[in-house]
Amino acid sequence: MTISIRTLGFSAFLIGAAGAVSAAECIAPANPGGGWDFTCRQIGKILHEIGQESAPVQVTNMAGGGGGLAYSHVVNERNDDADLIVAASSATATRLAQNAYAGMTADQVRFVGAIGIDPGVIAVAADSPYMSLKDLVDAALADPGSVAFGGGSAVGGFDHLKPLMILKAAGLEDITMIKYIGLDGGADAVTQTVGGFTQAMTGDISEIVGFLKAGEVRALAVLTEERVPGFDDIPTAKEQGYDVVAGNWRGLYVPRGISDDQFHAWADKLQAVADSDAWAEAMAANGLAPFTMVGDDFQGYIDGLIADINQMSRDIGVIQ
Amino acid sequence: MISDRIFGLVTVIVALAYGVSATSIQTSFLADPVGPHLFPYLIAGVMVLSGLIVMLRPDPDPEWPPMRSVGALAVAVVVLVGYAYALRPMGFLIPTALAAGILSYQISPRVVPAAVTGVSLSVGLFLLFKYALGLGLFAVPRDWLG
Amino acid sequence: MDVFANLAMGFGIAFSPFTLMLAVVGCFLGTIIGALPGLGPSNGVAILIPITFTLGLDATSALVLMTSVYYGAMYGGRISSILLNIPGDEPALMTTLDGYPMAKAGRAGDALVLSGVASFVGALLATMGLMFLAPLLSRIAYQFGPAEYFALYLLAFCTLGGIASNNQAKAAIASCIGLGIAMIGLDNQSGMPRLTFGHLHLMDGVDFLVAIVGLFAVAEVFFFIESHGKDTSIGVKLEKVTIPWRDIFATRWTMLRSTVIGFIAGVLPGAGASLGSFLAYMSEKTIAGEKGGFGTGVAKGVAAPEAGNNAAAGGALVPMLTLGVPGSGTTAVLLALLMTLNITPGPTLFTDRPEVVWGLIASLLIANFVLLLMNVPLVKIFVRVLQVPPWVLLPGVTMISFVGIFSLSGSYFDLLLMVGFGVLGYVLRKLDVPTVPIILGILLGNHMEDSLRRAMVLSGGDWTYLFSSAIAIGLWIAAVAGFVAPMFLRKVLKKPQRVTD
């Protein structure tokens with residue numbers, strides 16, 4: 001595959017225009033409005049507000065290849081740029097684990113940390129006969145074709161993996177029998193589930209908050225170790241006997257080629273954002289739960305996560 | 001008549017080529033019942049059919065421009081393509097003044113108003129984009145700035 | 001009632017100084033865009049989108065700005081119809097029929113004011129219609145599964161294609177071009193690249209903004225080069241502008257009837273403002289009969305098409321916001337804007353993003369009053385704008401288009417693609433192939449395919465699932481009827497040619 005980076009033109013263009021002022025840049029590998037864009041804009045704004053960055057952080061949107069374009073841009077063109085941060089999430093790890101970035105691997109960048117997590121959730125319509133995760137799993141075990149899931153990611157994506165992980169844990173052998181449709185975001189998945197076109201939705205808790213309040217859906221399980229603060233009446237999958245933990249963390253990576261000092265400087269800055277009140281507010285407003293892990297710990301976590309997802313994707317046949 | 005027959009033929013050829021290139025789409029093996037091929041095939045099918053209808057039942061010919069206008073249009077296309085390539089390496093001002101001036105001359109062939117239009121559009125839009133809208137534009141090639 | 005609580009929230013958003021300013025700026029730009037021949041609402045909205053986007057406005061602000069432009073363009077279109085006998089945009093075509101004769105008879109000012117008031121009545125009532133009808137429509141969201149959505153998208157193509165062209169086969173080809181382009185990029189369901197030929201740049205597909213600006217704005221430049229610029233000197237005198245109270249009072253029922261007709265035409269997916277003004281004019285002409293003197297510069301002939309086209313503009317927002325299916329070419333461009341802002345229009349919009357919807361509706365109500373002010377007492381400003389010659393205007397539009405697209409991606413590849421779309425647009429329009437279905441295809445292609453494939457996943461490959469509900473069957477029937485009916489109606493409802501005088 002020929003890798004031609006044209007999108008970087010404008011960022012170079014902008015930076016050039018800014019002249020000698022070396023403002024930090026945050027690349028959101030997607031169009032404005034999504035999770036990565038949120039990460040860049042919030043972290044960028046807070047970094048400046050709390051005085052960690054003297055100039056406002058320049059946010060560049062570089063959509064392409066599900067983040068692959070930005071990834072190859074950083075690896076190939078900006079490998080020693082210490083003023084560059086890039087938004088990342090579980091989706092980044094999932095795609096790296098499934099080799100969806102055209103042969104690029106996770107060790108070609110450094111993961112700085114995550115400072116918030118959107119817990120995974122399985123929900124059904126309020127009038128659904130399934131009262132607990134066990135009801136749903138039992139129905140799927142008895143007749144795998146009878147339960148269709150709707151989620152916001154493509155087939156094989158993170159939302160698809162969640163129910164498959166649970167069913168795998170419950171002992172279902174032929175996981176390809178489970179129907180899954182990828183919709184344009186969690187809200188659509190909820191609508192389809194409430195309308196009865198799919199039997200359950202798989203997504204993140206932030207995607208169902210509004211529908212929970214309106215009483216239109218029932219959350220069967222959150223995929224966390226402990227119950228989520230503010231959603232204390234939703235049981236975890238773990239306490240219902242299915243040991244599956246999955247959340248969509250929000251974080252950053254930086255180029256591989258920067259020095260250890262520069263890497264740790266970013267880790268410290270990210271920690272400062274995590275500790276700020278502004279970030280706490282941003283998280284509360286967007287349904288994120290606290291989850292802070294920065295620096296070398298996080299790199300270890302990522303390595304483990306990618307190995308897990310890779311294994312799981314092989315097991316269920318998403319990749320060969 | 002003849003225009004539509006040619007258009008219909010081109011449509012059919014393009015549609016067939018599209019259908020053929022759709023055969024090379026890879027399928028992941030967790031495929032859905034329909035897969036990624038069907039919809040492109042449907043499109044190609046409808047297009048072939050419509051192309052044939054246009055070939056067989058053509059509308060009256062449109063009024064095509066005389067050769068001289070075609071030449072002018074070709075020049076305009078070349079200017080725009082050149083402008084696309086020049087915009088980044090050459091900065092905003094010079095390519096814009098040239099391209100706008102030439103287009104203006106092509107619409108109304110008077111040299112002085114066209115030149116004035118080119119230069120003033122270039123400078124005016126630069127000021128508008130750079131300062132009012134805050135876009136990061138280069139005025140001139142970066143080398144010139146030292 | 002619910003609507004009023006929501007509306008209060010909307011006004012809370014709309015009355016912020018910044019939002020108000022955007023509405024005023026949008027109305028102003030829109031009126032200019034509408035007034036200038038060769039720069040219709042689709043064009044104008046299309047070239048402004050990349051710029052709005054680069055400014056980093058949030059969703060509500062961007063939407064307020066662009067819909068103000070949209071409404072403004074609908075008002076502004078009449079100015080050049082009346083003064084130059086050249087419609088500023090397609091829906092204003094019908095306004096030339098009586099507006100220009102009225103202006104030639106020395107009543108240019110009266111024609112401008114009367115049409116401005118008619119525009120206001122049409123747009124205001126239509127916005128209120130949107131306010132009450134849209135939430136009702138959005139409640140049927142839960143009835144729409146993949147099969148229903150597939151049929152709905154099909155309906156949009158069939159009706160837009162059926163009405164936009166004089167030749168069904170050509171409309172179908174245009175739709176297929178758009179759909180075919182939409183297939184390029186990562187396949188939503190499997191995540192595998194399709195038809196990208198190994199180009200990483202094509203992984204995300206062809207940006208619809210590139211296609212829109214190319215097909216509309218760049219193609220327009222080619223037309224002007226071919227014709228060396230039309231004669232745009234003002235042939236009629238505009239002296240003092242007074243308010244013709246008697247004409248306004250005499251046309252009150254005409255305005256109301258035309259509003260209703262226009263609104264309904266707007267709500268139908270694919271029909272849009274041109275049809276709204278056409279039907280409004282024709283029905284008023286029929287009611288007035290031979291004695292009405294339509295075509296000679298009568299007040300009713302000026303009021304009807306303007307009330308009709310502005311009402312249709314409001315009506316077209318209903319299917320766009322509630323179902324994600326645009327009702328006209330310009331709303332297709334607005335849909336592109338929403339998608340750029342990561343707002344998925346459709347039934348969930350009203351529950352997910354009430355601030356966007358109600359902020360928008362409140363702003364539209366305010367925009368109407370702003371537009372009334374601009375288009376009646378201040379109309380002379382816009383008359384002056386008409387004097388910008390095409391050899392300044394068109395190069396300017398081109399350069400704005402280039403910078404707008406360039407600022408989106410910074411890639412010369414997109415600029416080349418845009419020029420390519422410009423050439424394509426020129427050739428297709430010469431051949432009488434409508435270009436709006438191409439845009440619709442690029443916008444809706446992936447959604448349409450996804451719906452089909454989701455339906456097949458849920459049914460396990462059973463095709464009868466597509467016809468498994470009453471809604472789906474109804475939409476299929478409407479789609480077929482919408483595609484076939486214009487073939488027969490075309491003979492009956494022959495569009496009148498422009499008065500060449």
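The values are calculated or read from the model by the stated rules, or taken from the named source; none is laboratory data. All of these numbers come straight from a predicted model, not from anything done at the bench. Quick reminder, even Gly has a Cβ in these numbers, built from the backbone with ideal geometry, and neighbours come from all protein chains shown.
Among what's in the stretch C:203-228 and is away from chain B (no Cβ under 11 Å) and modelled with pLDDT under 75, pick the residue that is farthest from B:Ala17 (Cα to Cα).
Residue satisfying both the conditions and the ranking: C:Asp204.
Looking only at the stretch B:21-69, filter to residues that are among the small types (Gly, Ala, Ser) and under 30 Å from A:Ile178 (Cβ atoms); which one of those is modelled with the highest pLDDT?
My answer is B:Ala22.
Name every residue in the stretch A:181-223 that is modelled with pLDDT under 90 and touching a His at 6+ places or on another chain (Cβ under 9 Å), in order of residue number.
A:Gly182, A:Asp184
What number of residues within the stretch B:102-120 satisfy the criterion of being surrounded by fewer than 24 Cβ atoms within 10 Å (Cβ to Cβ) and in contact with a Gly (Cβ under 6 Å, 6 or more places away or on another chain)?
4
Would you mind stating whether A:Ala274 is touching a residue at least 60 places away in the same chain (Cβ under 8 Å), more than 14 Å from chain B (Cβ to nearest Cβ), under 21 Å from A:Asp37 (Cβ atoms) and surrounded by fewer than 19 Cβ atoms within 10 Å (Cβ to Cβ)?
Taking the combined requirement at face value, the residue does not satisfy it.
Kindly state which helices (runs of 4 or more DSSP H) lie completely within the stretch C:387-484 and contain at least 2 residues that are closer than 17 Å to C:Ala182 by Cα, within 21 Å of the chain's Cα centre (by Cα) and without any contact (Cβ under 8 Å) to a residue 12 or more places away in the chain. Give the derivation first.
Numbers: elements: C:390-409, C:412-430, C:436-459.
By residue number, no helices (runs of 4 or more DSSP H) qualify.
Select, from B:Gly51, B:Gly91, the only residue that is touching a Leu at 6+ places or on another chain (Cβ under 9 Å), more than 30 Å from C:Ser459 (Cα to Cα) and assigned by TED's automatic domain parsing to the domain that holds B:Ala17.
B:Gly51
Has the stretch C:448-463 got any residue that is crowded, with 21+ Cβ neighbours inside 10 Å, of a type in the set (S, T, N, Q), within 14 Å of chain A (Cβ to nearest Cβ) and touching a Gly at 6+ places or on another chain (Cβ under 9 Å)?
Yes, the stretch C:448-463 has at least one match.
How many residues does the stretch C:109-150 hold that are surrounded by 24 or more Cβ atoms within 10 Å (Cβ to Cβ), within 14 Å of chain A (Cβ to nearest Cβ) and aliphatic (A, V, I, L, M)?
Qualifying residue count, the stretch C:109-150: 1.
Whether any residue in the stretch A:157-176 is modelled with pLDDT of 90 or more, closer than 28 Å to A:Trp279 by Cα and charged (D, E, K, R) is what I want to check.
Checked against the condition, which is being modelled with pLDDT of 90 or more, closer than 28 Å to A:Trp279 by Cα and charged (D, E, K, R), the stretch A:157-176 yields at least one hit.
Just a yes or no: is a residue in the stretch C:372-390 within 30 Å of B:Gly51 (Cα to Cα) and among the hydrophobic types (A, V, I, L, M, F, W, C)?
No: zero hits.
Out of curiosity, is C:Val356 under 23 Å from A:Val209 (Cβ atoms), crowded, with 21+ Cβ neighbours inside 10 Å and either free of Cβ contacts under 8 Å to residues at least 24 places away in the same chain or among the aliphatic types (A, V, I, L, M) (or both)?
yes
Hand me the list of strands (runs of 3 or more DSSP E) wholly inside the stretch A:77-186 holding 1 or more residues that are more than 14 Å from chain C (Cβ to nearest Cβ) and of a type in the set (Lys, Arg).
In the stretch A:77-186, the matching strands (runs of 3 or more DSSP E) lie at A:109-125.
Pick from C:Gly266, C:Gly297, C:Gly315, C:Gly308: which is touching a residue at least 12 places away in the same chain (Cβ under 8 Å) and either more than 18 Å from the chain's Cα centre (by Cα) or part of a loop (DSSP other than H, G, I, E, B) (or both)?
Just a single option satisfies the conditions, and that option is C:Gly297.
Name every residue in the stretch B:100-123 that is more than 7 Å from every other protein chain (Cβ to nearest Cβ) and closer than 13 Å to C:Phe402 by Cβ, in order of residue number.
Within the stretch B:100-123, just B:Ser122 meets the criteria.
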